[in-house]
Amino acid sequence: MEELSDALTRQRQEEQRRALRVLLARPLIRSDDSAFPLIRRHAAMLRDWLAREAGWHLQSERDFVRLHKRPADRDDPTRPATVGRGIQRKTFNRRRYALFCLLLADLERGDAQITLGRLGEGLGQAVSDPALAERGLAFSLDHQEARRDLVVVVRLLMELGVLVRVAGDEEQFLRRGLEGDVLYDVDRRLLAALLVTARGPSLVALNGADAELDLDARLHALSETFVPDTPDGRNRELRHRLVRRLLDDPVVYREDLDEDEVAYLVNQRGPLLRRLHQATGLVAEVRAEGLALVDPDGELTDEKMPAEGTEGHLALLMAERLAVAGPEGVALEETEGWIREWQTSFRRYWRKSACEPGAAHGLARQTLARLASLRLVERQGEVVIPLPALGRFRVHTPHLPDAPVNSQPDLAESSFDE
């Protein structure tokens, strides 16, 4: 009986780990997802763990579960929403995010069914607001580029399950406009669960003290939570900020943390990392410059490296070259020159469009954006600066260590390139 009890305990812990990993990778899970029953079965444990360790709320409903994640760094631009896969993948920019928010507001006021053309007309009316017009936001169904932005935003809503196509085709709408309209059902329960804030937008008033807030201050007001002015309250908030960074960011650099976060991490690093490993299966890697939670299975990352295909090969080549560039970095123009060299060397292995004249300009920026999202480099204007974790891709001459075989390095003193 004791062995059976131990086996059941291990099985329950493994199920809870799988459920948590799914939520971290996909914060919105619908009832038609194979992982939905597993998450619902362990919802109580997951809700308690997420609230205690990260300060995140788990909403569990009959037809979906929603993890209300709030990022530790609201200024991180490296992981925008995407639609599609491979070379067909479309990335969200500021304009598409603005249209996305306007669509959500329109859908909230709309009926249970709506057409793509009606959504476009609603956007045209919304952008006529003087506050939006002053900022250069414009939209008209007469322009194919505007219709393309609308379709990208709608396809994200379809992936999330907020919109379900009933009839029509978006490609026809792109080519023919309102003559190729599309009809959708609207899932209002999922729609209401999309927005993740600690404070409702309507509570950030447009008059009084809030009237003077700029965009960054308004975003802060939406996500700001009450922190008790006690040692326990401050420590809990520090733990939440660090756990969010460790679970969301590929690498957490010490220089990006404030003094209180560094002090908390120094004192609580061991217990904190053990709890995260037990709950998620992520393996902690501690170095002098910072630390990272590594996923041996490669499931919890938006960008994989190494990866297959032209982009994957190019990312590895770029990482190896930048790893020896020095802390002062290299000019963006120089990285384009490297790609033009590689176009000749690897023409037979890369897809045809990547070797066309002028392709190096876009490929350089796309590849550097991928490395930046992995916290391996950062862009400072027209200069690319390597970050410490990029040292992993530096090629060294093999050598035998002088230290005894049984000696273990002090991880806190070693670097990412060792």
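How would you classify region 21-78 from its alpha-carbon gyration tensor, with a ≥ b ≥ c the square roots of the eigenvalues: rounded for a/c under 1.5, else prolate if a/b is greater than b/c, otherwise oblate? It is oblate, given that a/c is not under 1.5 and a/b is not larger than b/c. To the nearest µm²/s, what D does Stokes-Einstein give for region 292-351 at 4 °C and 1.567 mPa s, using the Kirkwood radius over alpha carbon pairs as Rh? Estimated diffusion coefficient is 97 µm²/s. Three semi-axes describe the equivalent ellipsoid of the chain; taken as square roots of 5 times the Cα gyration tensor eigenvalues and ordered largest first, they are 37, 32, 23 Å. Calculated on the alpha-carbon coordinates, the convex hull of region 27-154 measures out at 163 cubic angstrom per residue. Using a Debye calculation, one point per C-alpha and no hydration shell, please list log10 I(q)/I(0) for region 265-325 at q = 0.27 Å⁻¹ in order. Scattering profile of region 265-325, log10 relative to I(0): -1.10.
Placing a pseudo-label 7 Å from each Cα along the Cα-to-Cβ vector at ALA112 and ALA263 gives an inter-label distance of 5.8 nm. If you plug the beta carbon distance of ASP32 and ARG52 into 1/(1 + (r/R0)^6) with R0 = 41 Å, you get a FRET efficiency near 0.85.
Of all lysines in the structure, those lying under 21 Å Cα to Cα from LYS304, and not within fewer than 8 positions of it along the same chain, are LYS90. Under the simplified labelling scheme, the VAL395-GLU159 pair shows an inter-label distance of 3.5 nm, with each label point 7 Å from Cα along Cα→Cβ.
In the chain, the calculated helix contribution to ellipticity at 222 nm averages -15000 deg cm²/dmol per residue, counting -39,500 (n - 2.57) for every DSSP H run with n ≥ 4. About its Cα centre, the dipole of the chain is roughly 1120 debye, where the only charges are +1 on Lys and Arg Cβ and -1 on Asp and Glu Cβ.
In region 127-226, Rg over Rh equals 1.07, where Rg is the alpha-carbon radius of gyration and Rh the Kirkwood radius from pairwise Cα distances.
A straight chain from ASP216 to LEU132 at 0.36 nm per residue would run longer than the Cα-Cα distance by 28.6 nm. Karplus-derived 3J(HN,Hα) values for region 266-283, using 6.51 cos²θ - 1.76 cosθ + 1.60 with θ = phi - 60°, are 5, 7, 10, 4, x, x, 5, 5, 5, 5, 5, 5, 4, 7, 10, x, 6, 9 Hz; glycine and proline are entered as x. In the complete set of protein chains, residue-level accessible area for MET318 is approximately 0 Å², probe 1.4 angstrom.
The values are calculated or read from the model by the stated rules, or taken from the named source; none is laboratory data. Predicted model, so just to flag it, every value in this text is computed and none were measured. All Cβ positions, even for glycine, are placed from backbone atoms using ideal geometry, and neighbour counts span all protein chains on display. We work out accessible area using only protein heavy atoms, side chains counted, and drop any ligands, DNA or RNA first. Shrake-Rupley method; radii C 1.70, N 1.55, O 1.52, S 1.80 Å.
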